[in-house]
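Report on the following structure.
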Amino acid sequence: DERNSLVGSEMCIRDRINPLNANFDKKEFKELWRRINRKAVYTVDFATPELIDKCVLELDKELHVSPLQYTVQRGEQKNEAVYDEVKQGESFKVMESITASDKDSIRSTVKYDLIGKLAQESNLTRRTIAGILQGIQPDTFNQYPTNPEDFIAKATRLINEQKATVIVEHLAYDTIAGTHSLDIFTQEKRMLDLSKAGDKLNRHIYDYVFTDSKIERAFVNELDISEEVVVYAKLPKGFFIPTPVGDYNPDWAISFKEGTVKHIYFIAETKGSMSSMELRKLEQCRIDCARKFFGKITSEQVKYGVVDSYGKLMELVK
């Protein structure tokens with residue numbers, strides 16, 4: 001049956017294991033892996049008053065709570081309505097709609113433990129949170145009654161961002177004896193839909209690679225045809241750097257031909273935007289931590305950077 005044979009062929013393409021290939025055994029990749037395969041722990045030493053001062057300034061500047069809104073609709077029931085319309089709430093025809101904001105303090109029986117909630121969401125002590133709330137301007141704090149949930153959510157985000165910034169400023173890495181096992185490259189042996197992985201590759205350690213964006217796919221396509229590149233890998237999730245704002249998994253490890261570039265080994269993070277202002281602050285903090293990590297454990301030959309294209313990568317390694 002022709003149809004069955006086509007379906008069988010499609011299944012073979014879609015559901016396959018993506019094994020490591022001969023590039024994984026190249027001496028250039030082994031040397032790259034030897035240089036970056038380090039584990040480390042971090043220490044942070046900062047004074048609480050510094051964090052409180054930064055949070056107070058940020059909340060006074062950036063905390064803008066949205067007032068509660070409500071919508072009033074007026075309509076008429078249809079002359080004829082079937083059962084399904086009534087069940088789905090479609091038996092009324094909306095004739096008029098108005099949305100208003102309540103900028104006055106709400107009258108609610110719901111009680112919030114503001115200090116406790118902010119302490120829980122930021123992993124700071126109640127004493128530190130109390131110091132922050134006592135330091136902000138009255139106009140800033142007076143936004144709280146207008147929409148407590150929005151106040152808590154936005155204040156939590158701003159406090160966490162300032163905490164991350166302070167932590168990174170005072171963070172230091174120290175290497176430990178442990179290393180990552182090569183098993184992290186072979187742990188995922190499940191069947192994959194390779195029809196979504198693009199064309200078969202020449203210089204990657206797997207025949208196929210899954211990308212998260214068009215930026216990454218274009219980056220892969222150029223890496224794979226570059227005469228300067230010997231071998232490259234999308235680093236598995238098992239390779240991570242511990243940071244105070246969550247484990248960080250860099251995107252790419254690349255080994256160039258010796259003599260073609262200044263930095264033979266490169267760890268790349270691919271982002272659509274190169275501006276630190278456009279990166280989320282917590283994401284930027286993880287990147288800043290990675291810079292400190294690789295600066296501590298690697299030599300001048302290994303470089304870490306954020307790129308948005310192969311052209312930008314070449315600017316950094318030349």
What is the pair-distance distribution P(r) of region 146-286, computed from all Cα-Cα distances in 10 Å bins starting at 0, with each bin given as a whole percent? 9, 29, 32, 21, 7, 2, 0
Percent of alpha-carbon pairs separated by more than 17 Å within region 112-180: 50
Average Cα contact separation per residue, region 115-190, under 8 Å, 6 or more apart, as relative contact order %: 26
Taking R0 as 41 Å, what's the FRET efficiency between residue 25 and residue 283 from their Cβ-Cβ distance, rounded to 0.05? 0.75
For the pair residue 247 and residue 115, the simple spin-label estimate (label points 7 Å beyond Cα toward Cβ) gives in nm 3.6
Distance-filtered residues of region 225-246 - backbone nitrogen under 18 Å, label point 7 angstrom along residue 176 Cα→Cβ: 238-246
Could you compute how fast region 203-297 diffuses translationally, taking Rh as the Kirkwood radius over C-alpha pairs and applying Stokes-Einstein at 25 °C with viscosity 0.890 mPa s? Give it in µm² per second. 169
What's the extension gain from residue 50 to residue 123 if we count 0.36 nm per residue and subtract their Cα-Cα distance? 24.6 nm
Give me the one-decimal nm value for the distance between modelled label points at residue 71 and residue 214, 7 Å along each residue's Cα-to-Cβ direction. 3.1
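Bear in mind that the values in this text are calculations on the coordinates, not laboratory data. Quick caveat, the model's predicted, so the values are computed rather than measured. Quick reminder, even Gly has a Cβ in these numbers, built from the backbone with ideal geometry, and neighbours come from all protein chains shown.
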